[in-house]
Amino acid sequence: MSADEKGEGRFELKVDRNTSPAEAARLALAQEVKARKFYEECARIMEHPAAKKMFEFLADEERKHEALIQKEIDEQFLQEM
């Protein structure tokens, strides 16, 4: 059974043509938070130094994404939410 058949690696798109830009941004932010928490947990449990470092790096990248999306929400969509 492939990873796709097991549902692994799938991203559930929760937006459609009726989704507002503000809601899409909010959903994007939630995905970044979810990814960051996953990477932080991986970094916490990894004993292999290179793996720990990689997951710490990925978590930091997600923090940057969160900040960028939050900035856009604050500047562009806050009045709509």
Restricting region 61-81 to residues that are farther than 15 Å from Gln31 by Cα, of a type in the set (A, V, I, L, M, F, W, C) and assigned to a helix (DSSP H, G or I), the residue that is modelled with the lowest pLDDT:
Leu78
Would you tally the residues in region 13-27 being closer than 15 Å to Glu75 by Cβ and either assigned to a loop (DSSP other than H, G, I, E, B) or small (Gly, Ala, Ser) (or both)?
2
Select from region 57-69 the residues that are crowded, with 16+ Cβ neighbours inside 10 Å and within 10 Å of the chain's Cα centre (by Cα) and list them in ascending order.
Ala59, Glu62, His65, Glu66
Of the residues that sit in region 36-56 and are of a type in the set (D, E, K, R) and over 16 Å from the mean Cα position of the chain (by Cα), which one is surrounded by the fewest Cβ atoms within 10 Å (Cβ to Cβ)?
Glu47
Answer yes or no as to whether Arg36 is of a type in the set (D, E, K, R), modelled with pLDDT of 95 or more and outside any loop (DSSP other than H, G, I, E, B).
yes
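The values are calculated or read from the model by the stated rules, or taken from the named source; none is laboratory data. Bear in mind the structure is a predicted one, so any value in this text is a computation, not a measurement. We place every Cβ from the backbone using ideal geometry, glycine too, and count neighbours over all the protein chains shown.
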